[in-house]
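This report refers to the structure that appears directly beneath it.
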Amino acid sequence: MIITQHKAVSIHYRLTNQQGELIESSFEGEPMLYLHGAENMIPGLEAALEGKAAGDKIDVTVEAEQAYGPYHDGLRQDVPLSAFGDIEDIVPGMRFIAETEMGQRPVQVTEVKDDVVVVDGNHPLAGQSLNFNVEVLTVRDATEEEIAHGHIHAGGSCGGHDHSHEGGCCSHDSEKEAKEGCDGNGGCGCRH
């Protein structure tokens with residue numbers, strides 16, 4: 001069976017940046033599950049997997065525009081420390097949900113100054129071309145419920161296994177809501 005719209009696919013992947021540094025790998029753990037054609041992963045990788053079958057291995061470079069998009073300087077802001085209320089010990093790497101003109105948006109603390117916290121709403125991999133080494137493990141027809149929910153159900157829940165939602169080939173659109181009736185992990189946690 002080949003990968004086409006509404007196929008449930010499991011893959012192992014290794015993600016490296018342009019300098020060859022390992023960013024994320026599933027080969028030492030659980031494979032990633034996704035619903036093909038449901039925008040569960042970055043567009044460039046999903047396009048590269050179209051038409052592949054179980055057992056296929058691919059190496060592909062996905063340019064920033066087809067990955068997490070360009071880096072937007074306007075999504076980096078100085079926020080008064082007082083805006084964080086009673087939260088103590090704010091350190092770089094912490095994540096928050098910020099209220100913006102475009103609704104809620106995840107941001108990451110990149111720097112803490114005396115009375116200002118610098119936050120960045122860009123995806124951590126925005127502006128980067130990414131290299132993927134992928135092995136297709138299984139391809140099957142998705143169930144009607146999986147298609148309706150927009151992601152794969154595995155192991156009796158929507159998750160199957162945990163992902164950090166921080167990057168790799170998994171997450172793409174951090175603003176997308178979890179589908180109704182699920183635990184919010186969405187397949188492999190993709191695009192949430």
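The values are calculated or read from the model by the stated rules, or taken from the named source; none is laboratory data. Predicted model only: the values in this text are computed from it and were never measured. Methodologically, a virtual Cβ is constructed for each residue, glycine included, from the backbone with ideal geometry; neighbour enumeration extends over all protein chains shown. Quick note on the areas: whole protein, heavy atoms, side chains included, nothing else; ligands and nucleic acids left out. Shrake-Rupley method; radii C 1.70, N 1.55, O 1.52, S 1.80 Å.
Of all the criteria given as (1) within 30 Å of ASP115 (Cβ to Cβ); (2) assigned to a strand (DSSP E or B); (3) under 17 Å from the mean Cα position of the chain (by Cα), the one not satisfied by TYR71 is (2). Of all residues in the range 1-25, those that are among the small types (Gly, Ala, Ser) and farther than 17 Å from VAL139 by Cα total 2.
Annotation for the range 83-92: no member residue is open to solvent by 20 Å² or more (accessible area, probe 1.4 Å), outside any loop (DSSP other than H, G, I, E, B) and at positive phi. Pairs linking a residue in the range 108-129 that is in contact (Cβ under 8 Å) with a residue 12 or more places away in the chain to a residue that is in a strand (DSSP E or B) and hydroxyl-bearing (Ser, Thr, Tyr), with Cβ atoms under 7 Å and 6 or more positions apart or on different chains, are VAL118/THR110; VAL119/THR110; ASP120/THR110; SER129/THR61. Total residues in the range 1-37 satisfying the condition of being open to solvent by 10 Å² or more (accessible area, probe 1.4 Å), farther than 18 Å from GLU63 by Cα and either among the polar types (S, T, N, Q) or out of contact with any helix residue (DSSP H, G or I) (no Cβ under 8 Å at 6 or more places or on another chain) (or both): the figure is 13. Could you list, in sequence order, the residues of the range 98-137 that are hydrophobic (A, V, I, L, M, F, W, C), in a loop (DSSP other than H, G, I, E, B) and open to solvent by less than 40 Å² (accessible area, probe 1.4 Å)? Matches in the range 98-137: LEU125, ALA126. Among the conditions (1) without any contact (Cβ under 8 Å) to a residue 40 or more places away in the chain; (2) over 19 Å from the mean Cα position of the chain (by Cα); (3) within 26 Å of HIS149 (Cα to Cα), the only one that GLU101 does not satisfy is (3).
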